[in-house]
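To start, the structure itself, in structure tokens.
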Amino acid sequence: MSVTSYRDGTRLQRAFQRENDHRALFIAYIMAGDPDLETSFELLTGLAEHADVIELGMPFSDPMAEGPTIQLASQRSLAAGTKMRDVLGIVRRFRETNTVTPIVLMGYLNPVLSYGFEAFADDASNAGADGVIIVDCPPEEADALTDALNGAKMDLIRLATPTTDDKRLPAVVQRTSGFIYYVSVAGVTGVKEADADAVRSPVERLRAASGLPVAVGFGIKTPERAAQVARVADGVVVGSALVDEIAAAAALNENVTQKVLSKASELAKAVRSARLATV
Amino acid sequence: MNAPVSPAERPNDWSAYPDAKGRFGDYGGLYVAETLMPLVLELDRAYTEAKNDPAFQAELRGYLTHYVGRPSPLYFAERLSQHLGGAKIYFKREELNHTGAHKINNCMGQILLAQRMGKTRIIAETGAGQHGVASATVTARFGLPCVVYMGAVDVARQKPNVFRMNLLGAEVRPVTSGAATLKDAMNEAMRDWVTNVEDTYYMIGTAAGPHPYPAMVRDFQAVIGSETREQIQELEGRLPDAVVACVGGGSNAIGMFHPFLADESVKIYGVEASGHGLETDKHAASLTGGRPGVLHGNKTYLLQDDDGQILDAHSISAGLDYPGIGPEHSFLHDIGRAQYLTCTDDEALKAFQLCAELEGIIPALESAHALAKLPQLAKEIGEGGIIVLCLSGRGDKDIFTVADALGRTI
């Protein structure tokens, strides 16, 4: 693990210190530009009222690790004309009023490669993003990207999965910072349901191996499940369940922001109160 | 990208590619989600073992001889040669293989590997349906369940192959996301694989994808070039002056090219599909009209916009309708060992008809793209020269598409 001085007191570190309040973080995911850029900016601002960290999806034409919900979100965003610069643009606007909530950009390698690793790292950092997750960039291929991100004082957050065995674990936690994202199911986003009991031991193993907080995602859809996972993990990521609300509201011409924020509020409450019973 | 390399400075040992990281120069590699990483690393180990196991190779040779029907003939296309004037043209008759294309060479190798690895379920992607049919064939032969992902657009334009796959007991799942063609079928197959990591073997049909697929598929297809070397020396007493093959993902091409890479006297030509024309946005020429990027587990030339979004490819031939290309072709292109030409839908249609009329062989529309460059190449190589073309598949599957393009009804 590379420990560099900039990591002292990053927004992500400060956010995870809230665990001292005996609760896990609620991490909300939406896709930038879904259903359009302006709405996703409103969502970003609104979600910060409920979420401790926001993961902002960068749309990609071929999102291989996504289930139907986020595939469609990506398609809606691209159909609305979203460019990488637009994604960074809403982060910059968000930072004009919010300097606390960490933003983690999540997407696929090709748009970042096309942008240029250094240029992307600098622009994303200047816009106010805190970390980056690239789904299709395993540690074996990540050196150049990690150098660029760390050079711009950003965290590269790596995914660990149920198939990550002891042999691979050191490679996976090496050069990762911010937190570790544990993919709780072998599969695509938003399809299988996570088993809260089954994540306990991998979370402990990852925490021990990395010295970092561990957030759990992929397959957490309901407040009940979010609460269960919140009892064992440092953070709970919900994506598809929120994006489903966007799709449903947009299809019915309803107020997208209202629907998503109401769902986010339920999830946030569930995560925050999860450990009260056990403290 | 890689700098061009002069012939004298090119590698002597082409088997040194890919390197330990799965790289052909800048291309290839292992760009998959973490869930799949242990699986592809395990596949790499298993394949390396199998490759070096004489028993595995002997078993594969047995099936290639008695089930696939190898060696495939090397045929002197006399009338076409006369018609074009210039070099002598030979066809490597991969369309005479069982299932009617080169695809089964690879499937036979991979099914034996999958069994060796104890996998009990096979998934595959297909464009034209030739790889799907080959996958369905070997899974029927070895009694394993098979799911084939196929773009909904391709399902519609390749109905005979869909029916064939069904007859062979495979389940064809139409894919409606994106442009609903080969690239989207590959995305969906990856999603299946990431969901069914325990029992499933992903049988990729072309020399692309994460390492070790580009090398493994090449090795299984290199039987094409190896046989050609022997056959042409028997027939002509020397190596050819040029070999030519169509390139989508590029598996028949790399299979033909690879055994000739060290022979600098042999010119190597790949032919990409330029659809409605390179100046339009309806083509599939990733080397000629694209730039390097990362998709489907490897770094290679891709059709993409300024923002790194992958563009939809177009070709009249479903098997070439893919916005990427195998990474080894990207490498050969950059260093200058192979030249990549382009062929439009119209040129391919004309070549398709000419081959049928002069040689009594109805070629696949994919192979017709290579055929279409013969007039130019026969002149360039000239009288007394020899060209071998990989006739990668037969065209029965394409008769509806061709009839439609010619404005005829069947």
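The values are calculated or read from the model by the stated rules, or taken from the named source; none is laboratory data. As the structure is a prediction and not an experimental result, all values here were calculated from the model. Virtual Cβ from ideal backbone geometry, glycine too; neighbours counted across all protein chains shown. Heavy atoms of the whole protein, side chains included, go into the accessibility calculation; ligands, DNA and RNA do not. Shrake-Rupley method; radii C 1.70, N 1.55, O 1.52, S 1.80 Å.
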Do we find that A:R93 is away from chain B (no Cβ under 14 Å), over 18 Å from A:V243 (Cα atoms), in contact (Cβ under 8 Å) with a residue 60 or more places away in the chain and of a type in the set (K, R) in this structure?
no
Given the conditions (1) crowded, with 23+ Cβ neighbours inside 10 Å; (2) over 23 Å from A:G217 (Cα atoms), report the number of the one that A:E96 does not fulfil.
(1)
Look at B:H83 and say whether it is open to solvent by 10 Å² or more (accessible area, probe 1.4 Å), farther than 26 Å from B:V153 by Cα and not hydroxyl-bearing (S, T, Y).
yes
Out of all the residues in region B:1-24, which are open to solvent by 40 Å² or more (accessible area, probe 1.4 Å), touching an Asp or Glu at 6+ places or on another chain (Cβ under 9 Å) and within 14 Å of another protein chain (Cβ to nearest Cβ)?
B:M1, B:K21
Within region B:25-48, identify whether any single residue is surrounded by fewer than 17 Cβ atoms within 10 Å (Cβ to Cβ) and over 27 Å from B:V294 (Cα atoms), and answer yes or no.
no
Only one of A:F26, A:F60 is in contact (Cβ under 8 Å) with a residue 60 or more places away in the chain, crowded, with 23+ Cβ neighbours inside 10 Å and either within 23 Å of A:N126 (Cβ to Cβ) or among the hydrophobic types (A, V, I, L, M, F, W, C) (or both). Can you tell me which?
A:F26
Take the residues of region B:180-209 that are more than 9 Å from every other protein chain (Cβ to nearest Cβ) and polar (S, T, N, Q): which is surrounded by the fewest Cβ atoms within 10 Å (Cβ to Cβ)?
B:T200
Looking only at residues in region A:121-138 that are at the interface with chain B (Cβ under 10 Å from one of its Cβ atoms) and either modelled with pLDDT under 95 or buried (at least 24 other Cβ atoms within 10 Å of the Cβ) (or both), which one is nearest to A:D155 (Cα to Cα)?
A:I134
Just to be sure, is B:D334 buried (at least 18 other Cβ atoms within 10 Å of the Cβ) and touching a residue at least 12 places away in the same chain (Cβ under 8 Å)?
yes
Residue check, B:H333 against (1) in contact with a Phe, Trp or Tyr (Cβ under 9 Å, 6 or more places away or on another chain); (2) of a type outside the set (G, A, S); (3) within 14 Å of chain A (Cβ to nearest Cβ), all met but one. Which one?
(3)
Please return the ranges of helices (runs of 4 or more DSSP H) entirely within region B:97-184 where 2 or more residues are among the hydroxyl-bearing types (S, T, Y).
B:130-142
All positions within region B:305-320 that are within 25 Å of B:E366 (Cα to Cα) and either open to solvent by 10 Å² or more (accessible area, probe 1.4 Å) or within 8 Å of chain A (Cβ to nearest Cβ) (or both):
B:I310, B:L311, B:D312, B:A313, B:H314, B:I316, B:G319
Scan B:A208, B:A245 and give me the residue that is under 21 Å from the mean Cα position of the chain (by Cα), of a type outside the set (S, T, Y), in a loop (DSSP other than H, G, I, E, B) and at pLDDT 95 or above.
B:A208
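Listed here are the residues, each with its yes/no results for (1) within 18 Å of the chain's Cα centre (by Cα); (2) at pLDDT 95 or above; (3) surrounded by fewer than 20 Cβ atoms within 10 Å (Cβ to Cβ); (4) charged (D, E, K, R).
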site	(1), (2), (3), (4)
B:G127	yes, no, no, no
B:S135	yes, yes, no, no
B:G143	no, yes, yes, no
B:Y149	yes, yes, no, no
B:D154	yes, no, no, yes
B:N161	yes, no, no, no
B:E171	no, yes, yes, yes
Can you spot a residue in region B:76-85 that is under 20 Å from the mean Cα position of the chain (by Cα), among the aromatic types (F, W, Y) and not in a helix (DSSP H, G or I)?
no
If I ask for residues that are in a loop (DSSP other than H, G, I, E, B) and open to solvent by 70 Å² or more (accessible area, probe 1.4 Å), which ones from region B:380-406 would you list?
B:E383
Among the numbered criteria (1) at pLDDT 95 or above; (2) within 24 Å of B:M190 (Cα to Cα); (3) facing chain B (nearest Cβ under 10 Å), which one does A:D86 miss?
(2)
Would you be able to say whether some residue in region B:397-404 is in contact with an Asp or Glu (Cβ under 8 Å, 6 or more places away or on another chain) and under 29 Å from B:N106 (Cβ atoms)?
no
